[in-house]
1. Taking amide hydrogens as modeled 1.01 Å from N in the peptide plane, which residues meet the under 5 Å criterion relative to G65, leaving out close sequence neighbours?
2. Sequence-distant or interchain residues sharing an amide H contact under 5 Å with Q56, placed H: which?
3. Any idea of I74's accessible area? Nearest 10 Å², probe 1.4 Å.
4. Amide H neighbours of R45 under 5 Å, at least 5 residues apart or on other chains, H built in the peptide plane: list them.
5. Between helix 13-35 and the chain, what is the angle of the helix's C-alpha long axis to the longest principal axis, kept within 0 to 90° and rounded to the nearest 10?
6. Once the mean 1/r over all distinct Cα pairs of the chain is inverted, what Kirkwood radius in angstroms do you read off?
7. How much of the accessible area of the chain, in percent, comes from carbon and sulfur atoms when a 1.4 Å probe is used?
8. Can you tell me the accessible area per residue over region 42-87, all protein chains present, probe 1.4 angstrom, in square angstrom?
Amino acid sequence: MLTHAATATTTSPATGILLMIAAAVTLCYALACWLAPFGYHRRCRGTGRTGPKLRQPCRRCRGTGRRLRIGRRIANGLADIHRDGTR
Ligand SMILES: [Zn+2]
C-alpha cells in the first residue's frame with residue numbers, strides 16, 4: 001500500500017531553504033570531486049614517503065602522495081553498481 005505519500009506537508013519555508021543550501025553544497029562538492037578527484041595524502045603530506053628522514057614509501061597511498069577523495073570513491077562505487085545493473 002502507498003500511504004506514505006502525504007508525510008511532507010508540514011515543512012516550513014526555512015526547511016526548504018536549508019534543503020536547497022544542502023543540495024547546492026552537495027552539488028559543488030560533487031563538481032569538485034569530478035574536476036579534481038585526487039586530494040593530497042595527509043599521512044605523508046603529499047610526499048609519498050614516511051618514516052624517519054622520509055625513507056620509506058608511504059604504504060597507504062603506495063608512494064604516490066595522492067589519495068582518492070571520499071566523494072569520488074562514492075561516485076565510483078555507484079558507477080560500479082550501475083554497471084552491474086545494466087549488464
Ligand atoms: Zn601517503
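1. Amide H neighbours of G65: G48.
2. T50
3. That residue has around 100 Å² of solvent-accessible surface.
4. Amide H neighbours of R45: none.
5. 30 degrees
6. With all distinct Cα pairs of the chain included, I get 16.6 Å.
7. Result for the chain: 63 percent of the exposed heavy-atom area is carbon or sulfur.
8. Spelled out: the 1.4 Å probe surface of region 42-87, per residue, equals 90 Å².
The values are calculated or read from the model by the stated rules, or taken from the named source; none is laboratory data. Since the model is a prediction, treat every value here as computed from it, not as a measurement. Each accessible area value is taken on the protein alone, full model and side chains, heavy atoms only, with ligands, DNA and RNA left out. Shrake-Rupley method; radii C 1.70, N 1.55, O 1.52, S 1.80 Å.
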